[in-house]
Each structure stands twice: as C-alpha cells, then as structure tokens.
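Let me begin by presenting the structure, written as structure tokens, before commenting on it.
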Amino acid sequence: MERAPFITPAMSIVLDAVRGGAALVVLVGHMVQMDIYTGPFPFSDLMQHNAVIVFFVLSGLVIAHSVHARPGTLKDYAIARAARILPVSLTALAFGAVVYLAVSVQGLVPSEAPAPYDDLTASSLLLPAIFLSESGAAAAGPVWNPPYWSLVYEVWFYAIFAAGFFLKGRTRIAFVVLLGFIAGWRILLMLPIWLLGAALARYRPKPDLTKERAVRLAIVGVVAMLLASEFARAITTPVGLFHKSFGYDLKYSHYFVTDYLFAIGIALLFVAAGPFADAGQAGLERIKRPIDWLAGFSFSLYIFHWPIISALSAHGIGVGDSVMGFAALAGGVVGTCALIATVTEHRSRDIRRWMTRKLEPRVPVVPA
C-alpha cells in the first residue's frame, strides 16, 4: 500500500493554523516585552524565540514539500521565493524607516529598541535589503524591526537548499560552500533546524500510526520542548562565552543547542498530529476559512508588528494590566497588518506572474 504524503489536505489546514498561531504568539510576546501590557503573564521571553523555531521547521517542511509535489526549475523556484519575500521585505524596511522618522522627530523612543536595530543609517537599509544584516560581523539591522533577523536566515536557507536540490556534481558542492560562506556561521548553525522540516516532507507516515501511538509521540515531543526551554539559558551562557572568546557574537543563534532539541519536539508533534488531522478533516474544513485568513497575512503580521508597537510604546500607549485592553490593542495591530498585507503579501501571485513573463526567453521573429 502506497503511503500518503506528509502534508495531506487536512494536515495543510493544521499547518496553516500553526503558522498563524505562531505569528500571534510573537506579537503577544513582544507587546509584553515592550511593557504595553504589564499584567500577569505566565510565559518567559523565550516564547517568541521558540515561535520562530516553529516557523523554521514549518518553512523547511512546506518548501521541500512544494518542490517535490510540483517539480520545476531553479528559475521557477527563485521567482516563487522572490515574489513571496521581496514585496513584504522591501515594504517593511521602508515602513520601519518612516515610522522611526515620524516618531524620533518628536524626540520619542520606545521602551525596547535593542542594538543594532535602534538607528536609521544607510547600512540599516541596504544590508537588510540584500539579506546580509545577519552575516559576518555586520551589525546594521533594520531600524525598529528585530524580527527581521529570521527572514534573513530563511532567505539563506532557501538559497542553500536550492543549490543542493537543483544543482548537480561539483557545481552543487561549490555553490553550497560559497552560499554557506556568505551566509556566515550564525546562520549555518540554525540551518539544521530548517533542514529537519525539509526532511519531514519526505517522511511517509505508517498506516499503523494509531492515535494511541501518536499521543505517545506527542508526549515525547512536548517533553523535548520543555527540556529545551528549561535549560536554554544555562547551556547558552558557556556556548556564547566560547564564541565571544574568538570575537564572534552569536546574536539570535545563541540558543542553537537547545533550539535543536526544541525543533525535534516540534517535528514529533507534527508527525503526531497526522492521524488526528485526517480523522477530523470534516471539522477542520468547517474552520478553514478563518484559518486561511490568519495564515494569509501571517508573514506581514510577523514582519510589520514591531514598528507598529514601537510607535505605541514611544507614545506611552499601553493597557497596564487590563487583559481586555491587551486583547483589543493586539487586535488593532492584527487588523493593521491584515490591511498592509493586501498590498504586500497578497500581491505575491501577481508579482510572480509578472516576473515569469519578464524572464521568459524572447523568441526571435524570423522574417517570412
């Protein structure tokens, strides 16, 4: 009996829900981090970082699934990735710069503006635009947009994966090495997490994976995630000091050791979700529309929310310990990002078609 692919129609809905939910988790975590909400909150600031690890595993899974399910050329792959990323990334850089200028001219600053994301310079626009702001010793991230770091990582994951998947022989080896060198050590440290997701795309669940076995698998995954969160800082400190002894700052890769364990836990949960997703497909179809709506602008929500909440923080706008106020303000940010997505993320297919037409080889006209 031929096994079903990992991403079935039901599982696709689950993964969309995970993507949208992870974006909301990042937003909520950052609003707490900026003291916009100061009431009881049971989670640590690792919550939003862990959500990014979920994104990485999910990204590897979806990208690898798409290239296997719909074979194409390297050009097709590059166009699809560029059309997906550039409308959002370039607009986010401009948006962040405009918000920064509009607020800073008033002499205001948010409660949380970590370096190197706290100043507007030529480098803080150019390096992120070409996705080099997290490579080497570069220290010029996009102003008021620290979450942009993970997008930079993903772009290099896409490029290295493409070289390994589409190229052959010595050319493949040469380009993988070259791209890895340009990406830099801190990005390469997180690449196995993305590749773990890509490996899941080739996994074919066994027909005998019952719900009972799936539950046991899920428990192992949850334990792995809890252990990773519990020991993240204890393990990070000596690893970070080791790298700094060579003059190298791991920046957002400083949790990479426990991030591996957390990613394994996420992968196990994805596998365990399969039997439940397929069994509950009818119920998932009934809630597919709101899930599609949220997932449809999750990228924009992730990459635009920080400048928005920075402006709120700089103007002293907060809700104190009001849970209802917190929910309402978060809803406002979500709605704003949904509107932004209509001119960025939702234009990806149009841009992809335009790029495909422009890059089609021109057939010379032979005179009759």
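For every residue, the table says whether it meets (1) over 21 Å from the mean Cα position of the chain (by Cα); (2) surrounded by fewer than 18 Cβ atoms within 10 Å (Cβ to Cβ); (3) modelled with pLDDT under 95.
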| residue | (1), (2), (3) |
| --- | --- |
| 93 | no, no, no |
| 132 | no, no, yes |
| 139 | no, yes, yes |
| 146 | no, no, yes |
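Report, by residue number, each residue of region 304-346 that is more than 10 Å from residue 36 (Cβ to Cβ) and of a type in the set (Val, Ile, Thr).
Scanning region 304-346 gives 308, 323, 334, 336, 340, 342, 343, 344.
For region 268-276, check the following and say yes or no: at least one residue is of a type in the set (A, V, I, L, M) and under 12 Å from residue 16 (Cβ atoms).
No, the conditions are met nowhere in region 268-276.
Just wondering, is there one or more residues in region 137-152 that are over 17 Å from residue 251 (Cα atoms) and assigned to a helix (DSSP H, G or I)?
No; the residues of region 137-152 include none that is over 17 Å from residue 251 (Cα atoms) and assigned to a helix (DSSP H, G or I).
Look at region 9-52 and say how many of its residues are over 26 Å from residue 279 (Cα atoms) and either assigned to a helix (DSSP H, G or I) or among the acidic types (Asp, Glu) (or both).
Matching residues across region 9-52 total 20.
Return the only residue of 88, 62, 98 being of a type in the set (Val, Ile, Thr), within 18 Å of the chain's Cα centre (by Cα) and farther than 26 Å from residue 199 by Cβ.
Result of the check over 88, 62, 98: 88.
Right, residue 294: modelled with pLDDT of 95 or more and crowded, with 21+ Cβ neighbours inside 10 Å or not?
No; evaluated as a whole, the condition is false for this residue.
Restricting the search to region 206-247, which residues are in a loop (DSSP other than H, G, I, E, B) and touching a residue at least 12 places away in the same chain (Cβ under 8 Å)?
The answer is 206, 207, 209, 210.
Does at least one position in region 162-169 carry a residue that is within 27 Å of residue 6 (Cβ to Cβ), touching a residue at least 40 places away in the same chain (Cβ under 8 Å), in contact with a helix residue (DSSP H, G or I) (Cβ under 7 Å, 6 or more places away or on another chain) and among the aliphatic types (A, V, I, L, M)?
yes
From the list 351, 317, pick out the single residue that is among the aliphatic types (A, V, I, L, M), in a loop (DSSP other than H, G, I, E, B) and in contact (Cβ under 8 Å) with a residue 24 or more places away in the chain.
It is 317.
Out of 201, 162, which single residue is of a type in the set (A, V, I, L, M) and either over 22 Å from residue 148 (Cα atoms) or surrounded by fewer than 19 Cβ atoms within 10 Å (Cβ to Cβ) (or both)?
One residue alone meets the criteria, 201.
Out of (1) within 22 Å of the chain's Cα centre (by Cα); (2) closer than 21 Å to residue 140 by Cα, what's the single condition that is false for residue 15?
(2)
For residues that are under 21 Å from residue 79 (Cα atoms) and of a type in the set (Phe, Trp, Tyr), scanning just region 165-185, find the one that is surrounded by the fewest Cβ atoms within 10 Å (Cβ to Cβ).
165
Scanning for something surrounded by 15 or more Cβ atoms within 10 Å (Cβ to Cβ), not polar (S, T, N, Q) and not in a helix (DSSP H, G or I), does region 100-110 turn up at least one residue?
yes
Listed residues 277, 273, 282; which is surrounded by fewer than 18 Cβ atoms within 10 Å (Cβ to Cβ) and aliphatic (A, V, I, L, M)?
Exactly one of 277, 273, 282 is surrounded by fewer than 18 Cβ atoms within 10 Å (Cβ to Cβ) and aliphatic (A, V, I, L, M), namely 282.
Need pairs with beta-carbon distance below 9 Å; first residue loosely packed, with under 14 Cβ neighbours inside 10 Å and within region 64-90, second β-branched (Val, Ile, Thr) and part of a helix (DSSP H, G or I); sequence gap 6+ or separate chains.
If the second residue must be β-branched (Val, Ile, Thr) and part of a helix (DSSP H, G or I), the pairs left are 75/356.
The values are calculated or read from the model by the stated rules, or taken from the named source; none is laboratory data. All of these numbers come straight from a predicted model, not from anything done at the bench. Using ideal geometry, Cβ is built from the backbone for each residue, glycine included, and neighbour counts are taken over all protein chains shown.
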